[in-house]
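Report on the structure given below.
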Amino acid sequence: MTTIGCELREDLKCICQNQEINLYAAYRSNSEEWILRMVQAGIGVALMSEYTLPKDATDVRFRYLVDPEISRQVYVIYTHQTSAKPELPALIDDLSKA
């Protein structure tokens, strides 16, 4: 049983088809917490972004997808009022390093 919780679901599906992997999602959800609970209960596996996995989720194991590598673009969008906040440059700098 496979669960997929990701906006890149169609990309992952195409990649798997190209590599002749039959990926069947018995359940789908936009809730990463729900998907993680299914994995922890032992009733599924998930393809999830590394950053959606809680740091305290020590009871699950994971592997990185490396061939092909999956990536996405993340944008910082803010208003003129927000740009006056001192923590914004540090946040943008941290995101740029990821």
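Laboratory data are not the source of any read-out in this text; all were calculated from the coordinates shown. In this text the structure is predicted, and so the values were computed from the model without any measurement. As a convention, Cβ positions derive from the backbone with ideal geometry for all residues, glycine included, and neighbour counts pool all protein chains shown.
General remarks:
- Using the Cβ-Cβ distance between Lys97 and Tyr27 with R0 set to 35 Å, the FRET efficiency from 1/(1 + (r/R0)^6) comes to roughly 0.50.
- Those aspartates and glutamates that a straight Cα-Cα span of less than 20 Å connects to Lys97, excepting residues fewer than 8 apart in one chain: Glu50, Glu69, Glu87
- Distant-in-sequence amide H partners of Ala46 (H built 1.01 Å from N, under 5 Å): Thr3
- Karplus-based coupling profile of region 11-20, in residue order and whole Hz: 4, 4, 4, 5, 4, 5, 4, 5, 9, 6, with θ = phi - 60° in 6.51 cos²θ - 1.76 cosθ + 1.60 and x standing for Gly or Pro.
- Taking 0.36 nm per residue of sequence separation and removing the Cα-Cα distance, the Asp56/Thr82 pair yields an extension gain of 6.3 nm.
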